[in-house]
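To start, the structure itself, in structure tokens.
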Amino acid sequence: MSRFALGRYSRYLSRLKPLPHLNKPFPFSSSAVSSQDGAACHTGPPPIRVGLTESAGRAVFATRRIGSGDLIHTAKPVLTCPSLLSLDSVCYLCLKKLMGSAKFRDRGVSYCSQECQDNAKGFYDVETRGDWSSFVDYCRTHNFKYPLMVKRLSCMVISGALSADCLDILQPATLSSAMISKIEDGYGLLWNAFRKANFTEDDVAFLTKQWYTGILARIRINAFRIDLVGGSCGEDLLSLAAASVEGEGAVGHAVYMLPSFYNHDCDPNAHIFWLQNADARLMTLRDVEEGEELRICYIDASMGYEARQTLLSQGFGFCCNCLRCQSRD
């Protein structure tokens, strides 16, 4: 999508009135805007708060006026996973693209730095104990990406890096009986791989079919596809946002806390993008007033009305009723 097309996001310049929200601060792993991010320097927490709406549940609201093109905050992922096609070309942890020989190798995978290798050691020690060939073949055959994230999360839980309920705070989703039936084979393959690797019943006690389907449902609607745009922090943020929309080479997926509370709009006032790794950046696409809800677009906003509604309904489980969709644009 060109920069002109990105500007089309703000065509309607809607001023959404936020519904009653919580005043209680919400904890998250995010950074406030700083001068190093190429935006105006502001100290303290990000200029946002999480609140409740009557129609869309939790949402993110501005606590002050934010200018167009300003970086709102950054966020580190809770969970990352490279795509099967990117395994040899990106860091196994942070998803940064690997250039030339600048790699740290460890038992068949590569990292961009010693720090990433060290941080991945716990769950990767667990992972290397199992034979995942059948599970990976299953994901590749069915073009499934989210079960791979459940596998990584399971390894992190066993290693002690995360708790089994770490994603419970995210928006839940209900899977249809047909979908549950479709993914049951994946659960069996995952369970068998752990048991064949001689993990004890206590190690995998959390890994029930109910946990697997529940966590898969949450990941399915909360994971972000990571399209890296490269560049440096000094580059124009709108140009980088346009480049991320144009990106055709997804390197993997990641789950975040705070960014997952941003609701969808087909004419959004904010955008999420990635520079060199899975650390997310959220920026405004137009001026946002104090108290206004910040929204991002979950899909390609250049699609027509019918295509957007189909994709949102099938992929995220809701029908969009934003101002743009109300006009059937």
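The values are calculated or read from the model by the stated rules, or taken from the named source; none is laboratory data. These numbers come from a predicted model, not from an experiment. Glycine also receives a Cβ, built like all others from the backbone with ideal geometry; neighbour counts cover every protein chain displayed. Accessible surface areas use protein heavy atoms only, side chains included; no ligands, DNA or RNA. Shrake-Rupley method; radii C 1.70, N 1.55, O 1.52, S 1.80 Å.
Structure summary
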quantity	calculated
Assigned charges on the beta-carbon of Lys, Arg, Asp, Glu; segment 79-225 dipole about Cα centre (debye)	540
Within the accessible area of segment 158-218 (1.4 Å probe), percent carbon and sulfur	47
Theoretical gain in end-to-end length, L175 to L311 [0.36 nm per residue, Cα-Cα removed]	47.4 nm
Segment 79-225: relative contact order as a whole-number percent, Cα under 8 Å and 6+ apart	22
Extension gain, D88 back to S113 (0.36 nm per residue minus Cα-Cα distance, nm)	7.5 nm
Per residue, in Å², the accessible surface of segment 79-225 once ligands and nucleic acids are set aside, probe 1.4 Å	50
F206/Q326 FRET efficiency (R0 51 Å; Cβ-Cβ; nearest 0.05)	0.75
Solvent-accessible surface (1.4 angstrom probe) belonging to T174, in square angstrom, nearest 10	140
